[in-house]
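The values are calculated or read from the model by the stated rules, or taken from the named source; none is laboratory data. Given the structure is predicted, the values throughout are model-derived calculations rather than measurements. Quick reminder, even Gly has a Cβ in these numbers, built from the backbone with ideal geometry, and neighbours come from all protein chains shown.
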Amino acid sequence: MKATTKLRELLKGDDIIITPGVYDCLTARLAETTGFTAVKLLGNVTCASLLGLPDLGLIGLNEMANHARNVAAAVEIPVMVDADTGYSGGPLGIARTIKEFERAGIAGIGMEDQVTPKKCALIPGGTPVVPIKEQVKKLQAAVEAKEDPDFVISARTDAESVNGLDDALNRIKAYEEVGIDMVGVAMSWVRKEGMRQRTLDALKRIRDSVKVPVNCMFMDEAIQVGNITLDELKQIGFNMGGSNAVRYTVVKAVTEMLTILKNDGSTKNYAHRLASLKEYEALVRLPEFLEMELRYSV
């Protein structure tokens with residue numbers, strides 16, 4: 001079954017799809033071996049990993065598509081890609097973006113309605129967005145550019161941060177009418193403690209506004225601070241939710257290990273937290289390749 005079809009089938013299911021935010025082949029494969037049914041290649045941490053730069057629209061289409069091709073080939077589960085604003089200011093470039101990611105073997109992409117250059121929604125001060133009519137035309141071009149009807153296009157709006165929730169709801173309704181497959185509303189405040197009732201009310205309004213599947217932005221962090229539970233998200237009817245924890249875990253864990261290595265000259269006091277060579281080799285499928293080499297040897 002094609003990756004796009006797998007993702008379509010998952011979205012039709014009754015359970016919420018939790019998509020860890022990965023940034024390379026190893027983190028995607030770790031998610032797969034842990035049992036996740038899909039992953040999302042995040043623009044933020046991919047830009048940091050490939051370029052060592054912040055999420056300010058500094059990564060390009062070719063860099064992201066080529067990297068995504070390798071990640072998609074490394075796993076059997078569907079890979080969605082955070083495609084920022086489509087890497088283009090106009091519909092023609094966005095049509096090319098769709099085709100490049102389809103050719104890369106990606107199951108679907110998420111696109112934002114931010115102005116260009118875009119910036120991470122977690123940066124304070126609000127996130128400016130393009131006029132709704134402009135974004136509708138971009139999304140129309142994206143939908144019509146699809147060659148695979150199962151390729152999933154998710155449209156995210158950042159309008160809530162600058163124009164309020166009513167404008168955000170109007171936008172996702174308009175995006176749904178264009179033929180978008182899934183929508184989401186970025187609300188960075190759901191990550192802050194003490195926003196439980198506001199979070200519940202907003203997420204219910206978002207879910208009730210459209211018929212297409214809905215992605216819960218910052219799901220993991222909203223659950224962490226007690227603003228909502230996973231069961232409540234399921235009851236409300238959300239279809240997908242993401243987590244940024246992979247990137248935070250890597251920064252924390254690798255820093256701890258390197259600090260011990262620098263101070264002690266070895267990782268002896270960190271060994272209990274290290275994977276074994278055998279575990280690493282299994283992750284990169286070395287035994288499979290050695291067996292294949294043996295079968296083909298003369």
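Overview of values
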quantity	calculated
Any pair with Cβ under 6 angstrom, 6 or more apart, that starts in the stretch 68-92 at a residue that is more than 23 Å from G241 (Cα to Cα) and ends at one that is surrounded by fewer than 18 Cβ atoms within 10 Å (Cβ to Cβ) and among the hydrophobic types (A, V, I, L, M, F, W, C)	N70/C25
Meets criteria (more than 18 Å from F238 (Cα to Cα) and either surrounded by fewer than 24 Cβ atoms within 10 Å (Cβ to Cβ) or in contact with a Ser or Thr (Cβ under 9 Å, 6 or more places away or on another chain) (or both)) for M195	yes
Candidates G105, G57, filtered to the one that is modelled with pLDDT of 95 or more and either over 30 Å from E160 (Cα atoms) or in the same structural domain as S188 (by TED's automatic domain parsing) (or both)	G105
Among residues of the stretch 131-160, those that are in contact (Cβ under 8 Å) with a residue 40 or more places away in the chain, over 13 Å from I172 (Cβ atoms) and assigned to a loop (DSSP other than H, G, I, E, B), counted	5
Filter result for T199 (closer than 24 Å to V225 by Cβ, among the hydroxyl-bearing types (S, T, Y), modelled with pLDDT of 95 or more and assigned to a helix (DSSP H, G or I))	yes
Every residue from the stretch 247-298 that is of a type in the set (A, V, I, L, M), assigned to a helix (DSSP H, G or I) and under 31 Å from the mean Cα position of the chain (by Cα)	V250, V251, A253, V254, M257, L258, L277, A282, L283, L286
In the stretch 59-93, the residues that are loosely packed, with under 15 Cβ neighbours inside 10 Å and of a type in the set (A, V, I, L, M)	A73, L92
Tally, over the stretch 178-188, of residues that are out of contact with any Gly (no Cβ under 8 Å at 6 or more places or on another chain) and either under 25 Å from V225 (Cα atoms) or without any contact (Cβ under 8 Å) to a residue 24 or more places away in the chain (or both)	5
